[in-house]
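The values are calculated or read from the model by the stated rules, or taken from the named source; none is laboratory data. Predicted model only: the values in this text are computed from it and were never measured. Here the Cβ positions follow ideal geometry from the backbone for every residue, glycine too, while neighbour counts run over all protein chains shown.
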Amino acid sequence: MTERSGGLARLRAGSISLLAAGLSAVGLLVSVPALTTLSLIWFAILLACLAYGLFRLRPVANKGEQGPVATVIAAVALPAQDDATAFLSTVGHDLRQPLQAISLYAATLATHDLPETSKQLVGGLEAAAETLSLQFEEVMAIAKLESGRLPLDPKSVALGAILSSTVAMRLEEAHDKALHLRHVATSLRVWADEVVLARAVDRLVMHAVQITERGGVLVGCRRRGDAVLVEVRDTSGGIAAEFQDNVFKPFSAYGHRLPDRALGLALAERSVQRLGGSLSLRVVAGRGNVFTIRLPRLTGAA
């Protein structure tokens, strides 16, 4: 079997497992009103089928990156492979349905008067569903970027607004860890797709908050010649040298240390590259990391 046909086989096998997840959902819907142990068993089957479906999307071990992203990207990036492109165009919708069902059923179960052990189980299922949903959305976003199927809407973008909104969105997470999270006001502008750039900055800030235990995260930007640098600095102590070459590779050794398996960092890198820029990492050992987005400065910007 060729690599392309093997990738399609894994994608189709994953979809079959997701069909099983849908059947499990039907069973759960029937058993929820009774809230018996069978309800929780059906829910566990649903979650397991979905997880297995995503697992089957992974490439074989000797094909490079681990996890679903490599196979999905490979399928999207084959313009001559019409069936692969058509399959991917529908797989997002098909996968989102069981993910949404999991969240709905977990929320329904959580509203009932359950024994304490069952509440803990439902809480664990909700957390697992949230993780699966996050990883799925990151995988699909990366696949669209890699394939060039994500249309851009370039325009003059005020970096100050992006930094401010990103910090506001992640402030609660930082405060939960007693971290300082702030940004430096700026009037700089770049020519970019605002949504794509904002998502890249957000993933970098999210990562910085996740790995920092003391101190805080600072977001700012500055001019450097004909370019603008957007920097996310943290006080995490710095990523270890053995992980630095694979920071932007999802499901790498470093990725397995993160809740999203480094899919957020991979998405940030692909997003910046799609905008014609670059993303780099500088580590100050014992102090922290500086992630830098480099983009062309908008002509005439302050």
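Taking region 145-169 as the region of interest, how many residues are free of Cβ contacts under 8 Å to residues at least 40 places away in the same chain and assigned to a helix (DSSP H, G or I)?
7
Restricting attention to region 153-194, report how many residues are under 21 Å from ARG224 (Cβ atoms) and of a type in the set (D, E, K, R).
1
Tell me yes or no: at least one residue of region 221-231 is free of Cβ contacts under 8 Å to residues at least 40 places away in the same chain, charged (D, E, K, R) and assigned to a strand (DSSP E or B).
Taking every residue of region 221-231 in turn, at least one turns out to be free of Cβ contacts under 8 Å to residues at least 40 places away in the same chain, charged (D, E, K, R) and assigned to a strand (DSSP E or B).
Would you check if there is a residue in region 264-272 being surrounded by fewer than 19 Cβ atoms within 10 Å (Cβ to Cβ) and out of contact with any Phe, Trp or Tyr (no Cβ under 9 Å at 6 or more places or on another chain)?
No: region 264-272 contains no residue that is surrounded by fewer than 19 Cβ atoms within 10 Å (Cβ to Cβ) and out of contact with any Phe, Trp or Tyr (no Cβ under 9 Å at 6 or more places or on another chain).
Read through the list (1) over 19 Å from the mean Cα position of the chain (by Cα); (2) in contact (Cβ under 8 Å) with a residue 60 or more places away in the chain, then give the number of the only condition that VAL272 fails.
(1)
Which numbered condition in (1) over 21 Å from ALA266 (Cα atoms); (2) surrounded by 17 or more Cβ atoms within 10 Å (Cβ to Cβ); (3) small (Gly, Ala, Ser) is the only one that GLY124 fails?
(2)
Could you check, for region 135-144, whether at least one of its residues is over 16 Å from the mean Cα position of the chain (by Cα), touching a residue at least 24 places away in the same chain (Cβ under 8 Å) and not assigned by TED's automatic domain parsing to the domain that holds LEU218?
no
Please verify whether VAL184 is surrounded by fewer than 21 Cβ atoms within 10 Å (Cβ to Cβ), of a type in the set (A, V, I, L, M, F, W, C) and at pLDDT 95 or above, treating the condition exactly as stated.
Judged against the criteria, VAL184 is a match.
Can you name the residue in region 187-234 that is surrounded by fewer than 22 Cβ atoms within 10 Å (Cβ to Cβ) and among the small types (Gly, Ala, Ser) and, of all such residues, is nearest to VAL139 (Cα to Cα)?
For region 187-234, the residue satisfying everything is ALA198.
ALA143 is checked against (1) under 30 Å from ALA227 (Cβ atoms); (2) out of contact with any helix residue (DSSP H, G or I) (no Cβ under 6 Å at 6 or more places or on another chain) and fails just one. What number does that condition carry?
(2) is the only condition that ALA143 fails.
Could you grab me the full set of residues in region 98-117 that are surrounded by fewer than 16 Cβ atoms within 10 Å (Cβ to Cβ) and hydrophobic (A, V, I, L, M, F, W, C)?
Scanning region 98-117 gives LEU104, ALA107, ALA110.
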